[in-house]
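Below you'll find the structure, written out as structure tokens, and then a few comments.
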Amino acid sequence: MISKSSPIGVFDSGVGGISVLRVLKHDMPNEDYIFLGDSINAPYGEKSEERIKEMCDSNINFLFEHGAKAIVIACNTATSAAATYLREKYPETIIVGMEPAVKPAVDKAETAYPHVLVLATSATIHGERLHHLIGRFSENADIHAVAAPGIVPLVESGKENSRDLLDYLKDLLKPFRKTEDGGEGKLVDSVVLGCTHFPFAMKKIREALGYDVTFYDGAYGTSRETRRRLKEAELLNDRKSEGSIRLFSTAKGEDPTALADRLLNLPFDYSPEN
Ligand code: DGL
């Protein structure tokens with residue numbers, strides 16, 4: 001039986017979901033969390049919808065076995081491919097997913113017709129959900145959706161600050177870059193981080209672009225929605241003390257959760273308006 005004191009279950013295809021977990025933890029510090037990173041199967045972004053559904057099902061069952069009172073799909077790709085399926089299969093469970101923060105990027109822009117760059121995995125970029133989402137805002141903004149499949153493997157191997165990542169991004173983002181020799185592509189006002197691994201690559205994305213942009217991260221909306229759903233179901237933990245976080249990973253090796261733990265403890269600027 002679940003209760004107010006049961007943990008919140010969070011999963012991702014790997015360590016990216018840590019960028020969501022840290023926002024949840026900031027917003028609801030007294031909750032307990034169980035996090036599962038399915039790193040052995042990452043990246044999800046290059047897999048079929050059917051396969052992503054199967055993997056999500058197995059992740060959710062792991063979190064149920066650990067007594068989760070609600071599930072946060074801390075993965076845009078998994079949300080896009082499997083959220084509807086999972087909600088139909090587990091209608092009694094609170095299941096909150098991710099949505100690339102296109103709405104805040106358009107609504108909060110300082111210019112009337114902002115240029116917005118949406119970066120996500122190939123599966124999210126080609127999925128129906130993002131297509132519809134962009135369609136809702138395309139009258140009010142110039143929105144470019146670009147698949148960035150090379151970021152996830154580099155973050156998964158702990159190279160979120162590497163030269164390899166910078167070189168990859170410089171090449172990928174060529175059409176939007178301001179180059180050292182004064183060359184200019186199409187400059188954007190903001191970047192929507194449409195994959196939960198990407199907040200860890202933020203510094204390198206800015207460096208590759210060569211100018212300052214505002215970043216939008218869907219984790220804030222997901223966290224607010226999780227809180228709202230738990231409150232509505234009277235399942236918010238009412239203890240006063242700080243809760244715990246238990247990290248699990250399907251990765252092999254001596255210390256499979258070491259990377260998740262390191263990312264969770266990186267300095268983090270909380271931006272509530274995103
Ligand atoms: N972190 C996931 C997301 O938000 C995807 C990474 C992957 O391709 O596995 O989309």
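Values as computed for the structure displayed
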| item | result |
| --- | --- |
| Yes/no for S80 being surrounded by 24 or more Cβ atoms within 10 Å (Cβ to Cβ) and either in a helix (DSSP H, G or I) or more than 12 Å from the ligand (Cβ to nearest atom) (or both) | yes |
| Tally, over the range 221-263, of residues that are out of contact with any Pro (no Cβ under 7 Å at 6 or more places or on another chain) and farther than 17 Å from S157 by Cβ | 26 |
| Whichever residue in the range 22-39 is at pLDDT 95 or above and within 12 Å of the ligand (Cβ to nearest atom) and, among such residues, is farthest from A70 (Cα to Cα) | D38 |
| Residue in the range 109-117 that is closer than 16 Å to L193 by Cβ, in contact with a Cys (Cβ under 8 Å, 6 or more places away or on another chain) and of a type outside the set (D, E, K, R) present | no |
| Scan of the range 180-226 for residues that are of a type in the set (V, I, T) and in a strand (DSSP E or B), ordered by number | V191, V192, T214 |
| Test: residue in the range 202-213 that is of a type in the set (F, W, Y), in contact (Cβ under 8 Å) with a residue 24 or more places away in the chain and closer than 21 Å to H26 by Cα | no |
| Residue in the range 156-171 that is in contact (Cβ under 8 Å) with a residue 60 or more places away in the chain, within 15 Å of the ligand (Cβ to nearest atom) and either outside any loop (DSSP other than H, G, I, E, B) or in contact with a Gly (Cβ under 8 Å, 6 or more places away or on another chain) (or both) present | yes |
| Breaking point among (1) aliphatic (A, V, I, L, M); (2) within 30 Å of S6 (Cα to Cα); (3) more than 14 Å from the ligand (Cβ to nearest atom), for A101 | (3) |
| Qualifying residue in the range 133-147 (condition: farther than 25 Å from V23 by Cα, in a loop (DSSP other than H, G, I, E, B), touching a helix residue (DSSP H, G or I) at 6+ places or on another chain (Cβ under 6 Å) and within 16 Å of the ligand (Cβ to nearest atom)) | no |
| Where I60 falls short, out of the listed (1) in contact with a Lys or Arg (Cβ under 9 Å, 6 or more places away or on another chain); (2) within 15 Å of the ligand (Cβ to nearest atom); (3) among the hydrophobic types (A, V, I, L, M, F, W, C) | (2) |
| K53 vs. criteria in a helix (DSSP H, G or I), basic (K, R) and surrounded by fewer than 20 Cβ atoms within 10 Å (Cβ to Cβ) | yes |
| Neighbours by Cβ (under 8 Å, 6+ apart or cross-chain): first from the range 91-112, on the phi < 0 side of the Ramachandran plot and part of a helix (DSSP H, G or I); second small (G, A, S) and away from the ligand (no atom under 16 Å from the Cβ) | A105/A141; A105/S190; V106/A141 |
| Failed item in (1) touching a Gly at 6+ places or on another chain (Cβ under 6 Å); (2) free of Cβ contacts under 8 Å to residues at least 40 places away in the same chain, with T179 passing the rest | (1) |
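The values are calculated or read from the model by the stated rules, or taken from the named source; none is laboratory data. Note that the structure is predicted; figures quoted are calculated from it, not measured. Positions of Cβ are generated from backbone atoms using ideal geometry, with glycine treated the same way; all protein chains shown enter the neighbour counts.
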